[in-house]
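Trainee: Dropping a structure here in structure tokens format, bear with me for questions.
The values are calculated or read from the model by the stated rules, or taken from the named source; none is laboratory data. The structure presented is a predicted model; accordingly, all values stated were derived computationally and were not measured. Here the Cβ positions follow ideal geometry from the backbone for every residue, glycine too, while neighbour counts run over all protein chains shown. Surface areas here come from the heavy atoms of the whole protein model, side chains and all, with no ligands, DNA or RNA. Shrake-Rupley method; radii C 1.70, N 1.55, O 1.52, S 1.80 Å.
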Amino acid sequence: LGLNSLDYDLWLSDVNVGGAELEKSATLAKNGITYIDLPITFRPKDFGSALWDMIRGRGTGYSMKGNIN
């Protein structure tokens with residue numbers, strides 16, 4: 001299986017707290033193990049804001065939004 005692109009954002013309480021984007025394409029072997037370097041971004045300030053919203057009772061929802069090609 002060829003993996004040409006992959007990107008996603010991680011949302012916590014409607015706040016984007018991080019994400020990742022594949023820098024180069026990869027091939028996933030059938031019935032095998034494939035390692036992929038996926039650099040992750042994390043925004044501690046935004047995470048703290050989302051955590052504060054959760055403590056105040058504004059919700060604890062999370063989601064991942066992205067694309068795979």
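Trainee: Can you send over the solvent-accessible area of THR41, 1.4 Å probe, protein chains only, in Å² to the nearest 10?
Mentor: Accessible surface of THR41 is approximately 80 Å².
Trainee: Which one, LEU10, ILE40, ASN69, is farthest towards the positive end of the dipole of the chain when Lys and Arg carry +1 and Asp and Glu -1 on their Cβ?
Mentor: Highest projection toward the positive end goes to LEU10.
Trainee: Go ahead and set up a Gaussian network model of the chain, Cα springs under 10 Å, then flag whichever of ASP53, ASP14, ASP37 fluctuates most.
Mentor: With Cα springs under 10 Å in the chain, the top fluctuation among ASP53, ASP14, ASP37 is at ASP37.
Trainee: Then there's this: Just to be sure I understand: with springs between alpha-carbon atoms less than 10 Å apart, which residue in GLY48, GLY57, GLY19 has the highest mean-square fluctuation in the Gaussian network model of the chain?
Mentor: In this elastic network of the chain, the residue with the biggest mean-square fluctuation among GLY48, GLY57, GLY19 is GLY57.
Trainee: Here's another thing I want to ask about it. Taking the Cα atoms only, what angle lies between the long axis of helix 44-55 and the longest principal axis of the chain, rounded to 10 degrees?
Mentor: On a 0 to 90 degree scale, this one is about 50.
Trainee: Evaluate the charge dipole of the stretch 17-69 about its Cα centre and quote only its size in Debye, nearest 20, assuming +1 on the Cβ of each Lys and Arg and -1 on the Cβ of each Asp and Glu.
Mentor: Working: 7 positive and 5 negative charges, 35 e Å.
With Lys and Arg at +1 and Asp and Glu at -1, about 160 debye.
Trainee: Can you list which of the trypsin sites (Lys or Arg not before Pro) found in the stretch 1-55 are DSSP loop residues with at most 14 other C-beta atoms within 10 Å?
Mentor: Here the sparse-neighbourhood loop sites are LYS24, LYS30.
Trainee: If N is the number of residues in the stretch 17-69, what value comes out of its Cα radius of gyration divided by 2.2 N^0.38 Å?
Mentor: Against the compact-globule rule of thumb, the ratio is 1.61.
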